[in-house]
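Some notes on the structure that comes next.
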Amino acid sequence: MTQACFDTSTTATQRVASALEGAASPAAQHVFTQLYADAARASAQQRDAEAKAGRSLGVLHGVCITLKDNIDVASETTMAGGVVCAGEAPALHDAPVVQRLRDAGAVVLGKTNMSEFAFSGVGINPHHGTPANPADPAHARVPGGSSSGAAVSVALGLAEAGIGTDTGGSIRIPAALCGLVGYKSTQVRIPCTGVMELSRTLDTVCSITRSVRACLAVDAVLSQQALPTDATELRGLRFAVPQTLMMDDVDATVAQAFVRTLHRINKAGAQVVEMPFTALGDIAALSMPGGFSPIESYAAHHARLERGAHQIDHRVVARMMLGKGISAQDYLELHNRRNAWITAAQQTLEGFDAMLCPTVPMVAPLTEPLLKDDEAFFKVNRLLLRNPSAINYMDGCAWSLPCHEAGELPVGLMVSSVAGQDAHLARVALALENLINS
């Protein structure tokens, strides 16, 4: 699979040298929180020596990857895009997903910038700066978050894959805004051990790449469960297109790209069914009181808030504090409401191969207005999180596939399904990617 997924036209040593040179360029400013230059060079040289001797560690042999700043690397303090954790004990071990990547031959370039504690879909970071979206170099646009640096590292060609996390869209949002492929699997498939928690109920480790096949190659390593790599036939498939909530406030560029893509899917022989999805109208109830992310992040980080709230992005503090004082009764009731909501969503989607909607309802907004205005920031953040977070609440699986035309700002098509449908959804995503790129 490696030959089909990743660039192997040069040696790993050459690719690392090129990536490190690119990481020093102005376009890559604010992408990394830490570069492992010496370790990456040494790892690449070892991978090349193994390849020369006819040995391969696996599908990611010599492939350059990046790690989001909330993932443990042995002997380092995990900072999660912030500064308040400085001085805390370093990780004793690599996170299991990092060990799996190394065992498969991946070369780790460094740790990437992110929304602090993964608590935003915008990608702004007041401590390390905000990476510029490479899709529009002439204007400073947000990359999306929270896996901002992960996406930009791939979009700039520095890495073949950016490993990140997705709690409410944090892989799929930057994938959509940067014109990349992002995949959030069913949560249980990949361990979150060794990843700084935002919401243990919703967090998922996953990746951003430039193609579905590349995502599948990375997922096979992260999950140790290979998914199919053959595209299904589109003819005869049934796609649900929800008319509740997910099409609200969609901007013109996104709407045009989405409708154009639906037309092509229909012409390919699939059935596209526009339908109400009344359960989506009830999703706001899953954010009251507080919601999983504020409640669980406050529980995880309350000691840091108490000793150093002034060192944390004030917008992150505001959201975390929503979880303070929530009773055990309210928290358990929230889980009960979620379970009932999952059942309703599964019933609605029964008989469909996947659900289609825009990943996010807008193209990447300009950065500067969001830096200055909290109200504007929170409005954009809510809109960016709205569609993808529904899949996390559903405990589902989802892809974001670029569906814009050349010369347009990136638009993502979200292809999603219920929990455990990863294998079928992978074949559907491959087929849709082939159609879009044809």
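Some values worked out for this structure:
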item: Beta bridge orientation in the chain: antiparallel %, DSSP, nearest 5; result: 65
item: CD proxy at 222 nm, helix term only [per DSSP H run n ≥ 4: -39500 (n - 2.57); per residue of the chain; nearest 500]; result: -12000 deg cm²/dmol
item: Relative contact order, percent, region 1-154 [alpha-carbon distance under 8 Å, six or more residues apart]; result: 26
item: Which label in [x] 1.65; [y] 1.05; [z] 0.92 gives the computed Cα Rg over 2.2 N^0.38 Å; result: [z]
item: Global form of region 310-375, assessed from the alpha-carbon gyration tensor, a/c cut-off 1.5; result: oblate
item: Relative contact order computed over the chain (Cα-Cα under 8 Å; 6+ residues apart), in percent; result: 17
item: Pairwise centroid distance, computed over Cα atoms, of region 412-438 with region 177-192, Å; result: 12
item: Computed magnitude of the charge dipole of the chain (debye, nearest 20; Cβ of K, R +1, Cβ of D, E -1); result: 440
item: Size-normalised alpha-carbon gyration radius of region 176-220, reference 2.2 N^0.38 Å; result: 1.23
item: Placed amide H near G110: partners under 5 Å, 5+ positions off or other chain; result: Y36, L67
item: Potential lengthening between R200 and D251 on full extension [0.36 nm per residue; Cα-Cα distance subtracted]; result: 15.1 nm
item: Segment A53-D230, extension gain: residue separation times 0.36 nm, minus the distance between their alpha carbons; result: 60.6 nm
item: Span-rule helices in the chain, defined as complete DSSP H runs reaching 18 Å or more along the axis (Cα) with Kyte mean at least -0.5; result: 252-267, 374-393, 422-437
item: Choice from G87, G121, G182 with maximal GNM fluctuation in the chain (Cα, 10 Å cutoff); result: G87
item: From phi via Karplus (6.51, -1.76, 1.60), per-residue ³J(HN,Hα) for region 195-209 in Hz, x at Gly/Pro; result: 10, 4, 6, 9, 9, 5, 6, 10, 4, 9, 8, 7, 9, 10, 9
item: Distance between region 253-311 and region 129-171 - C-alpha centres, whole angstrom; result: 18
item: Positive-end residue of A27, A12, V272, charge dipole of the chain with Cβ unit charges; result: A12
item: Shape of region 2-223, Cα gyration tensor, a/c cut at 1.5; result: rounded
item: The chain: most fluctuating residue of A42, A376, A309 per GNM, C-alpha cutoff 10 Å; result: A376
item: Additional length obtainable on full extension of the chain from A37 to S9, 0.36 nm per residue less Cα span; result: 7.9 nm
item: Dimensionless Rg/Rh of region 112-229 - Kirkwood Rh, Rg from C-alpha atoms; result: 0.96
item: Net charge of neighbours whose Cβ lies under 10 Å from the Cβ of V363, counting Lys and Arg as +1 and Asp and Glu as -1; result: -2
item: Residue of G396, G269, G110 that the Gaussian network model of the chain assigns the largest fluctuation, springs spanning Cα pairs under 10 Å; result: G269
item: Residue (of Q187, G58, G105) at the positive-pole extreme of region 2-223, dipole from beta-carbon charges; result: G58
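The numbers here are math on the coordinates, done by the rules we state, and not lab data. None of the values given here were measured: they were computed from a predicted structure. Glycine gets a Cβ as well: all are built from the backbone with ideal geometry, and neighbour counts include every protein chain shown.
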